[in-house]
Amino acid sequence: MNQSANMKLVNTKQLKLAHDLIQGIDKQNYEYIYRGKFTKTITSNLLSLTENYLGKDEDTAKLKKKIYFVMVECLQNITKHQDKIKDIIGDESGILVLQKQSNKYYITTGNIIENENIDKLNAMLEKVNSLNPTDLKVYYQKMLVNGEISEKGGAGLGLIAMARKTGNKLLFDFQKVNDKFSYFYLRTEMPLTKEETKETEVDKWKYSFDKIKKIHEILLKEDILLNFNGTFDQDNLINLLPIIDAQMQGTLDFKKRVFKIMFEMLHNIVEYSEDHTNKNAANVGDNPGIFLLGGANDKLYFTAGNYLHNSKIATLKDKFDFVNKLDGDELRDFYNKVSTYFESSEIEKPDLSIIEMKLRSGNSLSYDFNSISDEYSFFTLQATI
């Protein structure tokens, strides 16, 4: 690994975490995972991200309205719990996971709830899962008219509506946090075809929340303020940047620095990520990547990762090593000279994102390459403020 001169500013755990997470993510066919704040603005952009995904996939496009409906209910459920709990413990660590597996689409959410509400929530979910479609419709109408479902436990018409819309049982689990709180995990299942398929041993993974719990636990332990992984393209970049901006606190100047670093990092994923499976190598800019924003020791760590062809590694290393050797006035002078020269030249202006990131962060950039195959590696980049 080639590290920056400022070794103490490198968060090696988060640098390695990007690689480790995406390896597990690829194996589980996760479309994307988001962990962070859930506000009206953020949920709106998450819905736009989902629409963008679904519109590109011919199979999921047919389920677009159904998946969108379930997403709305799931996100409302998270924000409702978050608003109630954060005043007590300051928790805003919900998680949203989209997953395509065995010709089915899954949405999994996790949010914190009070332990005193678990029994009531569990009983209601068991009740919903015990009803056939006809009885479920009657039950929904009864609750709608009588208003018998209390909002206190987080249960409501939304859960019944999800069961009706998906036509499948709601899968759920609880993870104890302490004597007062637990995480409530909910998974909905939507087949991509109308044909009924018999459940096999391969499908039984869906009843376990162990992998999601493990990812969630790691993100919490490493104080990852924001995690997003999935397919990065120009449309996703537009929807993702406001989500990231909503996580930030501080002065306007600080937020501008943060936003610029993140833009350059995400732009690099969009421009340079490659399909390491080599199934669709021509579609550069529409391939998997990961972005983490983490806090530690009063600093922010921005970590991004994507797959890269091994033939590009040597050139990329030289660029980072050259920029990392320049500091202060040297770096600004070099940036200004390059910008001025190419503004008055007919030659296309080179990519200055590496210099931009170092200038904005004020620290050297850290990077790593993990070999994936004879042809591809996973490239991880980190900047620090």
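Every read-out reported here was derived from the displayed coordinates using simple, explicitly stated rules and does not represent laboratory data. Predicted, not measured: the structure shown is a model, and the values here were computed from it.
My understanding is that a pair violates if its Cα-Cα distance is over 32 Å; which of Lys100/Lys255; Lys65/Lys358; Lys16/Lys255; Lys16/Lys312; Lys169/Lys299; Lys206/Lys312 do that in this structure? Listed pairs above 32 Å: Lys100/Lys255; Lys65/Lys358; Lys169/Lys299; Lys206/Lys312. Work out the P(r) tail for the range 150-262: percent of alpha carbon pairs separated by more than 26 Å, whole number. Percent of Cα pairs beyond 26 Å in the range 150-262: 47. Only Cα sites of the range 213-328 enter the Debye sum here, all with the same form factor; the resulting log10 I(q)/I(0) across q = 0.13, 0.19, 0.20, 0.21 1/Å is -0.61, -1.16, -1.23, -1.28, listed in q order. List every residue whose amide H lies under 5 Å from the amide H of Ile372, counting only residues 5 or more places away in sequence or on a different chain, with H placed 1.01 Å from N in the peptide plane. Under 5 Å from the amide H of Ile372 lie the amide H atoms of Ser377, Phe378, each far enough along the sequence or on another chain.
With θ taken as phi - 60° and the Karplus curve 6.51 cos²θ - 1.76 cosθ + 1.60 applied, the whole-hertz 3J(HN,Hα) list for the range 13-21 is 5, 6, 5, 6, 4, 4, 5, 4, 5 Hz, x standing for glycine and proline.
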